[in-house]
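Encoded as structure tokens, the structure appears first; notes follow it.
The values are calculated or read from the model by the stated rules, or taken from the named source; none is laboratory data. What you see is a predicted model; the values in this text were computed from it and never measured. Methodologically, a virtual Cβ is constructed for each residue, glycine included, from the backbone with ideal geometry; neighbour enumeration extends over all protein chains shown. Each accessible area value is taken on the protein alone, full model and side chains, heavy atoms only, with ligands, DNA and RNA left out. Shrake-Rupley method; radii C 1.70, N 1.55, O 1.52, S 1.80 Å.
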Amino acid sequence: MENTYPAAGGTASEAASSSSPLQCDVLVIGGGPAGSTAATLLARQGHSVLLLDKDRHPRFHIGESLLPANLPLFEQLGVADEIRAIGITKHAAEFVSPAHGNRKQAFEFAQAWDKTMPFAYQVRRSEFDRILLDNAARSGAQVFQQCKVESVDLEATPEWAEARARHTDGREITCRARFVVDASGRDTFLASRMKIKHKNPRHNSVAVFAHFANARRNPGAAEGNITIYWFDHGWFWFIPLQDGATSVGMVTWPYFMRTRGERSLRQFLLDGIAQCPPLAERLQDAQIVHEPEATGNFSYLSERTHGRNYVLLGDAFAFIDPVFSSGVLLAMQSAFAAARAIDVWLKQPAQRAQALAQLDRDMRHGPREFSWFIYRMTTPAMRDLFMGPRNTFRVKEAIISLLAGDIYGQTPIWRSLRVFKAIYYLTSLAQLPTSLRSWRWRKQAIRTVDEAPQG
């Protein structure tokens, strides 16, 4: 098809100011990890790609903890050195449980089934997302920032979808695309308009988070480790960043948000931290340097991953509790899977249905495998197993592989994970009265709150 983008030396703003519609093979909505990755790969495959992002990068975002399985993806995208330059090395995921004397249990990635991915990074998402977006532009995608998509007609013609967008200065553009990628993140652009997005009834949660300066870190090589703290009303994350800041977030359930009352979000977060003594100790000399923010309806799922000429990637499809730091990996893996499927869709029309069916399987795999653990992460049985891991039948190695995000390749962890699940159920039965009390309490705790938390 004819490329209507500006020739070499032209600018995106010149193209955007044109009164005639832009035409492209693929329209990507959103410039986060999913959108930038998909745009990069599709542009490299020779397709004309237009990426529209409502924000100006760099911009603040949570989700700073990456997984070892992200690193091969960075190599394929050609950004490994840039990510390494902005990251602090993360060798392990640590868990601290008040039910076990606030003892810390570290899961070293070097002890995973596959020993070739012994670390990951913690990154400021503002810098990380900018690197991926710039890489998309370098790879040939046309990138318009501060350009918000306002409407998409997926059935404008049999061959074209049509989108209308507006720049922050008021200029409007129209784009016609053969295929649409919704990578709009938690905005869930298409899923919300189609009314196919639903709160996750099995894991309704709220996050309150901030950045701190002068938090006490682990010494030596463990400085960059993420620490997860269980407490009576959910859990906290503690993520050190390279520039000295530390991201701290409280993930809790709706009933606890109701106790906020008239307190400011800052005070509510600080009061929550005070209920977790080992975390409070690490923050006793720390100061908040990015004011707390909150997000409600934290976990959700869309009814489908795709339609005839569109896909929903990453958070635009689903968001699960971030206790395993899986968000960026799920977004990027979905983008790799989508790029394969869309390339087939554009080049081999007879294979379209088969390609999209494979994409659906690929996209559902990650959330499904992580979710089984996430739904049970705060139960007494799961805490006991995580705080006293054993490697019988290589179960511990398989769990570390899961924590590393190594669930998409050929690493044979699945038999051992099935063994772990059996051990979990047996442990739950062995402490049945405690398990039942925990189940009843959690069912009450996750009841929906009608209004999202306000800052």
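With within 15 Å of LYS104 (Cβ to Cβ), in contact with an Asp or Glu (Cβ under 8 Å, 6 or more places away or on another chain) and of a type outside the set (Ser, Thr, Tyr) as the only criterion, which of ILE239, ILE228 stands out? Criteria check complete, one pass: ILE228. All told, ALA110 meets the bar of being open to solvent by 10 Å² or more (accessible area, probe 1.4 Å), within 21 Å of GLY220 (Cβ to Cβ) and modelled with pLDDT of 95 or more.
Exactly one residue among LYS396, LYS421 is open to solvent by 40 Å² or more (accessible area, probe 1.4 Å), touching a Pro at 6+ places or on another chain (Cβ under 6 Å), in a helix (DSSP H, G or I) and modelled with pLDDT of 95 or more, and that residue is LYS396.
Of all residues in region 255-276, those that are open to solvent by 30 Å² or more (accessible area, probe 1.4 Å), assigned to a helix (DSSP H, G or I) and either among the basic types (Lys, Arg) or without any contact (Cβ under 8 Å) to a residue 60 or more places away in the chain (or both) total 8.
Conditions tested, residue by residue: (1) free of Cβ contacts under 8 Å to residues at least 12 places away in the same chain; (2) within 19 Å of the chain's Cα centre (by Cα); (3) closer than 21 Å to TRP237 by Cβ.
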| site | (1), (2), (3) |
| --- | --- |
| ALA38 | no, yes, no |
| VAL49 | no, no, no |
| ASP55 | no, yes, no |
| PHE60 | no, yes, yes |
| LEU67 | no, yes, yes |
| LYS90 | no, yes, yes |
| ALA112 | no, no, yes |
| ALA120 | no, yes, yes |
| ARG124 | no, yes, yes |
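One residue stands out among those in region 201-221 that are in contact with a strand residue (DSSP E or B) (Cβ under 7 Å, 6 or more places away or on another chain) and of a type in the set (A, V, I, L, M, F, W, C): the one that is nearest to GLY249 (Cα to Cα), which is PHE209.
The set of residues in region 56-92 being assigned to a strand (DSSP E or B) and open to solvent by less than 10 Å² (accessible area, probe 1.4 Å) consists of SER65, LYS90, ALA92. Summed over region 97-110, residues that are aromatic (Phe, Trp, Tyr) and either free of Cβ contacts under 8 Å to residues at least 40 places away in the same chain or not in a strand (DSSP E or B) (or both) total 1. When you check GLY224 against the structure, is it open to solvent by less than 10 Å² (accessible area, probe 1.4 Å), at positive phi and in contact with a strand residue (DSSP E or B) (Cβ under 6 Å, 6 or more places away or on another chain), yes or no? Here the answer is no, as GLY224 does not meet what is asked. Scan region 375-393 for residues that are assigned to a helix (DSSP H, G or I), open to solvent by less than 10 Å² (accessible area, probe 1.4 Å) and touching a helix residue (DSSP H, G or I) at 6+ places or on another chain (Cβ under 6 Å) and jot them down. The answer is ALA381, MET387. Under the condition of being out of contact with any Gly (no Cβ under 9 Å at 6 or more places or on another chain) and not basic (Lys, Arg), which residue from region 48-64 is farthest from PRO322 (Cα to Cα)? Result: LEU50. A search for C-beta distances below 8 Å between a residue of region 126-148 that is under 16 Å from GLY185 (Cα atoms) and any residue that is basic (Lys, Arg) and assigned to a strand (DSSP E or B), counting only pairs 6+ apart in sequence or on different chains, returns CYS147/ARG166; LYS148/ARG166. Being under 17 Å from VAL180 (Cβ atoms) and either in a helix (DSSP H, G or I) or open to solvent by less than 30 Å² (accessible area, probe 1.4 Å) (or both) is a condition met by at least one residue of region 316-326. Scanning region 337-365 for residues that are in contact (Cβ under 8 Å) with a residue 24 or more places away in the chain and open to solvent by 20 Å² or more (accessible area, probe 1.4 Å) turns up ASP343, ASP360, ASP362, ARG364, HIS365. Across region 289-310, the number of residues qualifying as outside any loop (DSSP other than H, G, I, E, B) and over 15 Å from LYS195 (Cα atoms) comes to 8. Would you be able to say whether some residue in region 184-200 is touching a strand residue (DSSP E or B) at 6+ places or on another chain (Cβ under 6 Å), touching a residue at least 40 places away in the same chain (Cβ under 8 Å), among the aliphatic types (A, V, I, L, M) and part of a helix (DSSP H, G or I)? Checked against the condition, which is being touching a strand residue (DSSP E or B) at 6+ places or on another chain (Cβ under 6 Å), touching a residue at least 40 places away in the same chain (Cβ under 8 Å), among the aliphatic types (A, V, I, L, M) and part of a helix (DSSP H, G or I), region 184-200 yields at least one hit.
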